[in-house]
Amino acid sequence: MPSTLTTTDPRTGEDANTGIEPTTPEGVDKIVELAVGAATELARRDLGWRAALLESLADALEEKRAELVAVAQGETGLSDVRLGGELTRTSFQLRLFAEAVREGSFLEAAIDHAGQTPMGVQPDVRRMLVPVGPIVVFGSSNFPFAFSVPGGDTASALAAGNPVITKAHSAHPLTSQASYEALRLGAARAGAPAGTIGIVYGQSAGSHLVAHPEIAAVGFTGSLSAARHLREIIEQRDRPIPFYGELQSVNPFVITEAALAARTDEIASGLANSITGSAGQLCTKPGIAFIPAGASGDRFANVVVDAVAAAPTSVMLNKRVLTSFRDAERSLEQAPKVQSLLGETGDTVVAPQGYNVSPRVLRVPATELTPEHTIEAFGPLLLLVDYDGVEQLTAALGRVPDSLTASLHLEEAEVADLHPLVESLSRAVGRVVFNGFPTGVRVSWAQHHGGPWPATNSFHTSVGVTAIRRFLRPLAWQNAPEMLLPVELRDATTGVPRRIDGIMHLPGTLNDERES
């Protein structure tokens, strides 16, 4: 009999037996078989039913809220307030995606009728996006709801019309199990076919799942090393599949001289909160902040240090995250010309009271910045970089790895002069934040949560409505009989936005007037 999985309370470092057995290869195969059957059935369901499924899942999560938060707190050390907010975000995300599914523009439906064109007589062609098949989701340790079993990748795949198999995170197996049971309840109430949502446990099960020939794509949030391992498995498949990974990010944070003069205390307070909230274990945490050299920068550094020092001791998510943070902390402190302004490198040995760390603030001149200074420290650590002039700032930013976000604090009078800097930042990230802080990612239609390598390995977002696009593929029908077309591509359909003969038709609009 396989040994059961353990879980650890990071607040105490104490292990406990979960009673959960790792999924065997045979078990994985059975779960995939069910998902394949569900994929066929889900493809036949209409958009209204699909939206109702997402809403039923949200309802089930809310119904189990107290249980989910309590279990997650014991496995992550995150506060009940933080976890409650995250669960609210997760339910909201499902409901937003339900709205998007009903609205239908995500299908990108287009019809070009047969007829005479400048290229001669052309055939009837109709195109829309269709589900790709069973999706595997690997969640993250730092968001046990929003980026885990019930999170954005799962919601995206289901909204696209695909079944989902999640791999329970090793750091929170009980939370994964409880989340799955809530989703299973919601799916059953909606009349979803068996296999619509599945779960596997254990690293070997996850690897076996990715290698399975019936899996169509993988959504992943986690470390570069784990991503590389999974991508190697994918490359060994007879038919490689898409791998959508959110990996690592330093998130540069830039403050101009004018902004510093106008808002030192405000910016310092927000920055301190941004690096210490959730123990700095956020993918959008600003890890490196560029400040003007001189007296104003010195004052700002002092204010930041005071604000960070006032933050409570942080609890890291698990021993692996703690060890990784200690390694990065040690490497950064030993990098050339680095000055420690707050704290000292801690031990990798877990203290009896749990995985606790104190926040750190380091400092280095921009002229000394090298790749050694720009590694990600996933935890409550900030590196301040003093720059003297825009040219020096731009050169230093060029040594920072591409990221999910870049933040720029500026004053109105500077806007016209900063276009080149903004253009430079825009080439290196997926979201530019002005006079704000990158932590806290809004779930919306316009959101983009992604970035160039090594932040992610694709151009897609993992947050917001367009995240659905990852798990769809385009399919065209040429001269197809009406009854063999999807409902959304039949001439009589008016319920979804469609581009017909080059003109966008929206439900409820007078397209014939616009055409005249």
Tensor-based shape of region 13-109 (alpha-carbon gyration tensor, a/c under 1.5 rounded, otherwise prolate or oblate): oblate
In the chain, carbon and sulfur make up what percent of the accessible area (probe 1.4 Å)? 54
At 1.4 Å probe radius, can you tell me the per residue accessible area of the chain in Å²? 42
Taking square-rooted eigenvalues a ≥ b ≥ c of the alpha carbon gyration tensor, is region 162-259 rounded, prolate or oblate, where a/c under 1.5 means rounded and, failing that, a/b exceeding b/c means prolate? oblate
For L408, what residues show an amide H to amide H distance below 5 Å, using hydrogens built from the backbone and excluding near sequence neighbours? V254, V433, F434, N435, G436
Which order do peptides 192-204, 301-313 fall in by mean Cβ count within 10 Å, highest first? 192-204, 301-313
Among (i) 24.8, 79; (ii) 24.1, 98; (iii) 26.3, 80, which is the computed Rg and Dmax of the Cα atoms in Å? (i)
Under the Karplus relation 6.51 cos²θ - 1.76 cosθ + 1.60, θ = phi - 60°, what is the ordered set of whole-Hz ³J(HN,Hα) values for region 41-48, x standing for Gly and Pro? 5, 4, 5, 8, 6, 7, 5, x
Region 143-149 - phi-based ³J(HN,Hα) in whole Hz, Karplus 6.51/-1.76/1.60, Gly and Pro as x: 10, x, 10, 5, 10, 9, 3
Using a 10 Å cut-off on Cβ atoms, rank the peptides 139-146, 43-50 from the highest mean neighbour count down. 139-146, 43-50
15 Å beta-carbon shell around G464, net charge (K/R +1, D/E -1): +2
In a shell of Cβ-Cβ distance under 11 Å around T256, excluding T256 itself, what net charge do Lys and Arg (+1) and Asp and Glu (-1) give? -3
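The values are calculated or read from the model by the stated rules, or taken from the named source; none is laboratory data. Predicted, not measured: the structure shown is a model, and the values here were computed from it. Because the Cβ atoms are built from the backbone with ideal geometry, glycine has one as well, and the counts that use them run over all protein chains shown. Only protein heavy atoms, including side chains, enter the accessible area calculation; ligands, DNA and RNA are left aside. Shrake-Rupley method; radii C 1.70, N 1.55, O 1.52, S 1.80 Å.
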